[in-house]
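Chemist: To start, I am sharing the structure in question, which I have written as structure tokens.
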Amino acid sequence: MKVLVAEDDIASGKFMQKLLSKYGEVVLARDGIAAVNSFVEAAGSGERFDLVCMDIMMPKIDGYKALASIRDAERKLGLARDSRCKVIMISALDEGFDSSIASDDYEEYMCKPIDIIKFDTIIKKLGLQ
């Protein structure tokens with residue numbers, strides 16, 4: 001499995017990288033634009049991400065806009081809805097998540113701090129393990 005973690009907080013990024021490394025390759029992006037660029041570059045080279053863990057509050061562009069750009073890139077590549085990457089939206093503020101903005105473009109939402117057992121359960125539920 002190939003995972004993109006979009007996280008601007010250094011400690012949270014390292015935690016997510018360590019947590020997800022047991023599943024496969026992890027690429028860390030420190031802002032929304034870097035996340036979109038990493039996603040597009042990987043897709044263009046035929047090495048698509050299976051999972052994107054997207055922090056909502058990030059510099060340059062937020063997680064909602066980055067997610068919209070990623071889904072747009074998948075559409076431009078002609079990917080069917082059932083073959084696109086899975087997305088877990090993540091935020092430090094539980095009340096700060098607006099599911100209407102993210103529409104149905106994500107599979108799960110988690111609040112920080114990440115519960116490792118719950119996270120593993122979500123990975124299994126998404127069929128990624």
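The values are calculated or read from the model by the stated rules, or taken from the named source; none is laboratory data. For clarity, every value in this text was computed on a predicted model and none was experimentally measured. Ideal geometry is used to build each Cβ from the backbone, glycine not excepted, and the neighbour counts take in all protein chains shown.
Chemist: Of everything in the range 27-42 that's in contact with a Lys or Arg (Cβ under 7 Å, 6 or more places away or on another chain) and not β-branched (Val, Ile, Thr), which residue is surrounded by the most Cβ atoms within 10 Å (Cβ to Cβ)? Even if it seems obvious, please write down each step before you answer.
Modeler: Here is the first cut: in the range 27-42, the residues in contact with a Lys or Arg (Cβ under 7 Å, 6 or more places away or on another chain) are 31-33, 42.
In the following step, the residues that additionally are not β-branched (Val, Ile, Thr) were identified as 31-32, 42.
Numbers: ASP31: 18, GLY32: 26, ALA42: 16.
Restricting to residues being in contact with a Lys or Arg (Cβ under 7 Å, 6 or more places away or on another chain) and not β-branched (Val, Ile, Thr), the top hit is GLY32.
Chemist: What are the residue pairs meeting all of these: first residue in the range 8-32, first residue closer than 17 Å to LYS118 by Cβ, second residue among the aromatic types (Phe, Trp, Tyr), Cβ atoms under 7 Å, and 6 or more apart or on different chains?
Modeler: So the pair list comes out as LEU19/PHE119.
Chemist: Follow-up. Inspect all residues belonging to the range 1-21 and state whether any of them is over 25 Å from THR121 (Cβ atoms) and assigned to a helix (DSSP H, G or I). It would help to see each step written out before you state the result.
Modeler: Taking the range 1-21 as the starting set, the residues that turn out to be over 25 Å from THR121 (Cβ atoms) are 8, 10.
Within this subset, residues satisfying the condition of being assigned to a helix (DSSP H, G or I) are 10.
Within the range 1-21, one or more residues are over 25 Å from THR121 (Cβ atoms) and assigned to a helix (DSSP H, G or I).
Chemist: Where in the range 41-129 are the helices (runs of 4 or more DSSP H), entirely inside, with at least 3 residues that are modelled with pLDDT of 90 or more?
Modeler: Working: elements: 63-76, 99-102, 116-125.
Helices (runs of 4 or more DSSP H) meeting the threshold: 63-76, 116-125.
Chemist: Taking the range 12-61, which residues are touching a Gly at 6+ places or on another chain (Cβ under 6 Å) and not β-branched (Val, Ile, Thr)? First the steps, then the outcome.
Modeler: Pass one, the range 12-61, residues touching a Gly at 6+ places or on another chain (Cβ under 6 Å): 28, 54-56, 58, 60-61.
Selection gives LEU28, MET54, ASP55, MET58, LYS60.
Chemist: Follow-up question, since we're still on this one. Among ARG75, ARG81, ARG48, which is under 23 Å from LYS124 (Cβ atoms), of a type outside the set (Asp, Glu) and free of Cβ contacts under 8 Å to residues at least 24 places away in the same chain? Before the answer, list the steps.
Modeler: On the way: ARG75 fails: under 23 Å from LYS124 (Cβ atoms); ARG48 fails: free of Cβ contacts under 8 Å to residues at least 24 places away in the same chain.
The unique qualifying residue is ARG81.
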